[in-house]
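Asks: I'd like to ask you about the structure that follows.
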Number of protein chains: 2
Amino acid sequence: MKILLVDDDHDLLAVTAFALQQAGFMVIKARDGASALDAFMREEPDLAILDINMPQMNGFELAKQIRQRSQTPLIMLTVRSEEEDVIRALGLGADDFLTKPFSPRILIARIRALLRRVGMETEGTISFDGLTLKVEDLSLEGLGDQPISLTPLEVRFLQLLFAHGGRTVSTERILSHVWGNRAGGNRQLLKQLVHRLRQKLEKDPTEPRLLKTVPHSGYLIDRDGLPG
Amino acid sequence: MKILLVDDDHDLLAVTAFALQQAGFMVIKARDGASALDAFMREEPDLAILDINMPQMNGFELAKQIRQRSQTPLIMLTVRSEEEDVIRALGLGADDFLTKPFSPRILIARIRALLRRVGMETEGTISFDGLTLKVEDLSLEGLGDQPISLTPLEVRFLQLLFAHGGRTVSTERILSHVWGNRAGGNRQLLKQLVHRLRQKLEKDPTEPRLLKTVPHSGYLIDRDGLPG
DNA sequence: TTCAAATGTCACCGGCATGTAACCGGGGCG
DNA sequence: CGCCCCGGTTACATGCCGGTGACATTTGAA
């Protein structure tokens, strides 16, 4: 999991980066808005943490620039705890906001919560209406007596559908989530993934009850399709 | 957008609920964990805000119970700002965490950010007089018992009519909205779209009650044509 | 290195959404 | 009366999308 960390305070940058690395994240560092945007484009991090007060380009502008390009989760930091700042940051598209000084453990907990919400968390489990997806075990429980073992791609796919709790997820979203930008809009990849997954999950893969297609839109996990 | 608000402090519950209603949310209130869980199952809110300190069942346990069933966005509240509480709450599946006292504006901003991240902030549905157009699902509910599935073009068309809530929309406007510039003023396209849509929506497509023609002008959705 | 699982690529099919053409009937109008 | 514009209707053509099976390639563990 790759995180872009942007702050002009050298010491804080170092100590926060260290904490994140301890927690198992790969950290890209930047010290001003311009180079941060550059690094963002080059490295394509899974999440970005931006300080608001910076030379060159401040955090607000940087957040705006990033949001124009991608939906990457954003957490913003500031020393000031002005109400206006928080509202402005969240309004610009930031997902969370922390006031300095903050505990590294809390930052990490919030990162995890955010990654979980976007379906990118690589630890723990996600449950949905009787089904439990064990991310680390690559398995899904709650269908038959036996847990069903999954492949890494299948887990990433189900994570996204679970995180959206029964609502339709568009094919574009799925493609970018499972394959990243590398996918190149290749729908064939998704067709195969769905096909293979249905062989495992559905009693009758011809008539899907759980993993349903919404034509010209996307896919969804359907609670009505569950036994009982 | 329906929000479940749970807090045992009567005054705070009232004032927060009021602020949320002002912001345009529908609020379900509960004052303890047990009845909150009950209300959650019954109302199926789009988001829940839980206080941690509560009689019967505390916020942690409530969050855990909810998370076993669904991925509904959760925001947790507490007076104590203990680091352990925050980490525990986020670890249990909460998406955000606020320490009392908090500004209602910030709560609302964080709600919006969360809904946006989950994809619920977008115009996912448009309602008009008992009819609900679900854009993501390409479906229309409120006519028969079953939702009616639509095509992408039909959704774009109905989006425009719904947005104009019962007023006539000119053919030119429809053409450019549904087909963009590519339409080239081709009336035939619209004729077909209307015809096919009436086959789905109208009981007697010969005698339209819902999707009416305004000769030499355009089309409109007619509330009088609705049952009941 | 070897082998099996996971993933990517190709080709094809069937169905449906959409586009296109032709025709019908009414009404305004000369 | 005869013309034509309009909206509705029927019929058919076309292309895209999703599903499927077969096969190639990559990856990872033994």
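The values are calculated or read from the model by the stated rules, or taken from the named source; none is laboratory data. What you are looking at is a predicted structure, and each value in this text was computed from that prediction instead of being measured. Reconstructed Cβ throughout: ideal geometry from the backbone, glycine too, with neighbour counts over all protein chains shown.
Asks: Output the residues belonging to the range A:110-158 that are within 14 Å of chain B (Cβ to nearest Cβ) and closer than 17 Å to A:Arg196 by Cβ.
Replies: Correct list: A:Leu133, A:Leu158.
Asks: Find all pairs meeting these conditions: Cβ atoms under 8 angstrom apart; at least six residues apart or on different chains; first residue within the range A:183-201 and on the phi > 0 side of the Ramachandran plot; second residue surrounded by 16 or more Cβ atoms within 10 Å (Cβ to Cβ).
Replies: Listed pairs, sorted by first residue: A:Gly185/A:Leu175.
Asks: Still on this model: Looking at (1) of a type outside the set (S, T, N, Q); (2) buried (at least 17 other Cβ atoms within 10 Å of the Cβ); (3) modelled with pLDDT of 95 or more, which is the only condition B:Phe18 fails?
Replies: (2)
Asks: Another one. Just one of the numbered conditions (1) within 20 Å of B:Met1 (Cα to Cα); (2) within 14 Å of chain A (Cβ to nearest Cβ) is not true of B:Ile28; which one?
Replies: Answer for B:Ile28: the failing condition is (2).
Asks: How do the pairs read when you match residues in the range B:55-80 that are facing chain A (nearest Cβ under 10 Å) with residues anywhere that are crowded, with 20+ Cβ neighbours inside 10 Å and not hydrophobic (A, V, I, L, M, F, W, C), using Cβ under 6 Å and keeping only pairs 6 or more apart or on different chains?
Replies: Once the first residue is facing chain A (nearest Cβ under 10 Å) and sits in the range B:55-80, its partners that are crowded, with 20+ Cβ neighbours inside 10 Å and not hydrophobic (A, V, I, L, M, F, W, C) give B:Arg67/B:Gly93; B:Pro73/B:Asp95; B:Leu74/B:Asp95.
Asks: Given the residues B:Leu90, B:Leu37, which is the only one that is at pLDDT 95 or above, more than 17 Å from B:Ile111 (Cβ to Cβ) and over 18 Å from the mean Cα position of the chain (by Cα)?
Replies: B:Leu37
Asks: Give the number of residues within the range A:169-222 that are within 14 Å of chain B (Cβ to nearest Cβ), more than 9 Å from DNA strand D (Cβ to nearest atom) and of a type in the set (Lys, Arg).
Replies: Residues meeting the conditions: 1.
Asks: When you look at B:Glu44, is it within 14 Å of another protein chain (Cβ to nearest Cβ) and surrounded by fewer than 19 Cβ atoms within 10 Å (Cβ to Cβ), yes or no?
Replies: yes
Asks: Among the residues of the range B:139-177, count how many are in contact with a Phe, Trp or Tyr (Cβ under 7 Å, 6 or more places away or on another chain) and under 15 Å from B:Gly124 (Cα atoms).
Replies: The number of residues fulfilling the criteria is 1.
Asks: A:Pro208 passes all but one of (1) part of a loop (DSSP other than H, G, I, E, B); (2) within 12 Å of DNA strand C (Cβ to nearest atom); (3) at pLDDT 95 or above; which number fails?
Replies: All conditions are met except number (2).
Asks: Conditions: (1) within 11 Å of chain B (Cβ to nearest Cβ); (2) closer than 16 Å to A:Leu13 by Cβ; (3) not small (Gly, Ala, Ser). A:Ile52 meets all but one. Number of the miss?
Replies: It fails just one condition, (1).
Asks: Kindly list the number of the only condition in (1) over 23 Å from A:Thr72 (Cα atoms); (2) assigned to a loop (DSSP other than H, G, I, E, B) that fails for B:Ala94.
Replies: Going through (1) over 23 Å from A:Thr72 (Cα atoms); (2) assigned to a loop (DSSP other than H, G, I, E, B) one by one, B:Ala94 breaks only (1).
Asks: Within the range B:103-135, how many residues turn out to be touching a residue at least 60 places away in the same chain (Cβ under 8 Å) and more than 19 Å from A:Asp85 (Cα to Cα)?
Replies: Going through the range B:103-135 one residue at a time, the tally reaches 6.
Asks: Same structure, new question: Got at least one residue in the range B:160-174 being crowded, with 18+ Cβ neighbours inside 10 Å, within 13 Å of DNA strand C (Cβ to nearest atom) and within 21 Å of A:Pro215 (Cα to Cα)?
Replies: no
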